[in-house]
Amino acid sequence: MTEQHASLADAAWPPGIRATVLELFTLRRDPLPRMSRPRWLARLPHALVLYLAVFFGFLTNEQLSDHYHVTGGPSLVLALMTGVPIAVALSRPIAAWWLGLLAGGVIAWVIYGHVGHGQSWPWMPAGFLAFAPLILLAALRVPPRVTVVVVTVPVALTAVAELSFKPPHSSTSFFTSSLVFGIVGLLGYALRAVRLARSQLVVQETLTEEERARRTLLEERSRIARELHDVVAHHMSVISIQAQVAPHLVENPSEELKENLAGIRANALEALTELRRVLGVLRSEQPEDPAAPQHPQPTLAELDGLVDNVRGAGLDVATEVAGIRRPLTPGVELTAYRIVQEALSNCLRHAPGSRVEVGIAYGPRELHLCIANTAPARPAPPSVGAGHGLLGMRERAGMLGGELAAGPRPGGGYEVTAVLPTDPPGGSTPETKKPETKKSEMKKDV
């Protein structure tokens, strides 16, 4: 048959029938599942099946020799043909079912001339009992439509054999075998349904637990965002408004005063913008969602503006860039900007009046940063805070697989150096790494 004819033949079969036929003529491995609990009973079904294989093998041999007077080699071969399919059903239930049908047919043919008055045929008393485990083990692992075929086929073959070839004076085994096969098939179907329901329940419980953990995390992040907004945003707004109003409260303010107050207001507004972006990241499970865009992340291209702000605050800053300046991955750009920003902020707080040098070197595989300041020209005012700036810089560098070192210089002052890979693993942005979760209903506007 050509491929075209084969495809036409496949198209002529309804999907359900074609799937059932494929299930019946497969030799794929389908091991019997272990019991999950208790652990010491995990292998009990397997041991029971092997015991039944040996038991029905011996029972078939005994009945062949005692009731049907089939002895010697044929009796042993038929006993093996009865027991082996039960053992095979542990891993390949459909193949074992076919072997069991073959063994039943051969046994019926061999004992046909030895059936006495009142003896059953085509199944021996042990025959349909030995075939029942094959139906059960198949029904445990195949779809219900295949289970119907697995039960119906031996019943139909039994009926055909008795109607066409039944020996004289023999008793029928059709009704007993049909009843046993039907009960076993229903039992297997029910056990399979219970097993699948338990598996689905475990999956649903896992998903529910994950969803509960995500919701708890989002609630905590929303609480942090709310507290940050209430504590910081209010004060930054007040600073911005006071810096805007202050020149109008002084008669003939100097240009230097106006410039400094304008710088304070600009820095306060920029801090508010950064705060709103961070709050948006905290409150959103998908900060990169186009439906809820955030402000763009700062990069090294904005370094000049950062340095100008620091100069406006009274710090002498010089910058130097070595190598070929080029765009880097967002994570590297943001991390480098934040490290320089935090180092300059530390210079403002702890080294007033010092001279700061910012060096950036673009290498083929690494970005080198160096922020060094001289000794302060005057004592630094007391600093309020827990001192997490250096820790945060080290964490940022470590997230990208880089390194950061900080310490005093031999001639006085302080120095911060960092080495960041230009192609870090993952290439994600530390502040906006997208979590693999669904959108939460608790998402709010900042």
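The values are calculated or read from the model by the stated rules, or taken from the named source; none is laboratory data. Keep in mind the model is a prediction, meaning the values are calculated, not measured. Cβ coordinates were reconstructed from backbone atoms using ideal geometry, including for glycine residues, and neighbour counts include every protein chain displayed. Only protein heavy atoms, including side chains, enter the accessible area calculation; ligands, DNA and RNA are left aside. Shrake-Rupley method; radii C 1.70, N 1.55, O 1.52, S 1.80 Å.
Annotation note: Cβ proximity below 9 Å between a residue of the range 26-47 that is open to solvent by 50 Å² or more (accessible area, probe 1.4 Å) and among the hydroxyl-bearing types (Ser, Thr, Tyr) and a residue that is modelled with pLDDT under 80 and not in a helix (DSSP H, G or I) (sequence gap 6+ or interchain) occurs for Ser36/Ala42. Here Ile360 fulfils each of the conditions (1) open to solvent by less than 70 Å² (accessible area, probe 1.4 Å); (2) farther than 17 Å from Gly402 by Cβ; (3) modelled with pLDDT of 85 or more apart from (2).
Do you know which of the residues in the range 114-148 that are closer than 17 Å to Phe55 by Cβ and of a type in the set (Gly, Ala, Ser) is surrounded by the fewest Cβ atoms within 10 Å (Cβ to Cβ)? The extreme case among them is Ala126. Taking the numbered list (1) out of contact with any Phe, Trp or Tyr (no Cβ under 8 Å at 6 or more places or on another chain); (2) open to solvent by 50 Å² or more (accessible area, probe 1.4 Å); (3) under 19 Å from Phe165 (Cβ atoms) in turn, Val54 passes all entries but (3). Among the residues making up the range 25-41, those that are over 22 Å from Leu101 (Cα atoms), modelled with pLDDT of 70 or more and part of a loop (DSSP other than H, G, I, E, B) are Pro33, Arg34. Based on what the data block shows, is Arg394 at pLDDT 85 or above, open to solvent by 80 Å² or more (accessible area, probe 1.4 Å), part of a loop (DSSP other than H, G, I, E, B) and more than 23 Å from Gly411 (Cβ to Cβ)? So Arg394 does not fit the description; no.
Among the residues of the range 169-202, count how many are in contact with a helix residue (DSSP H, G or I) (Cβ under 7 Å, 6 or more places away or on another chain), closer than 19 Å to Leu32 by Cα and open to solvent by less than 50 Å² (accessible area, probe 1.4 Å). The total comes to 4. Selection of the range 165-177 for residues being assigned to a loop (DSSP other than H, G, I, E, B) and among the β-branched types (Val, Ile, Thr) yields an empty set.
Yes/no matrix, rows are residues, columns are (1) open to solvent by 70 Å² or more (accessible area, probe 1.4 Å); (2) at pLDDT below 80; (3) under 21 Å from Gly312 (Cα atoms); (4) in contact with a strand residue (DSSP E or B) (Cβ under 6 Å, 6 or more places away or on another chain):
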| residue | (1), (2), (3), (4) |
| --- | --- |
| Arg338 | no, no, yes, no |
| Ala351 | no, no, yes, yes |
| Arg355 | yes, no, yes, yes |
| Pro379 | yes, no, yes, no |
| Leu390 | no, no, no, yes |
| Leu400 | no, no, no, yes |
| Ala406 | no, no, no, yes |
| Asp423 | yes, no, no, no |
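Scanning the range 84-113 for residues that are in a helix (DSSP H, G or I), crowded, with 23+ Cβ neighbours inside 10 Å and of a type in the set (Gly, Ala, Ser) returns Gly100, Ala103, Gly104.
Of all the listed residues (Glu211, Glu205, Glu162), the sole one being acidic (Asp, Glu), part of a helix (DSSP H, G or I), open to solvent by less than 80 Å² (accessible area, probe 1.4 Å) and farther than 16 Å from Gly127 by Cβ is Glu211. Of all residues in the range 363-377, those satisfying the criterion of being out of contact with any strand residue (DSSP E or B) (no Cβ under 8 Å at 6 or more places or on another chain), open to solvent by 30 Å² or more (accessible area, probe 1.4 Å) and at pLDDT 85 or above are Pro364, Ala375, Pro376. On the stretch given as the range 297-349, residues that are among the charged types (D, E, K, R), more than 19 Å from Pro376 (Cβ to Cβ) and either touching a residue at least 24 places away in the same chain (Cβ under 8 Å) or not in a helix (DSSP H, G or I) (or both) total 6.
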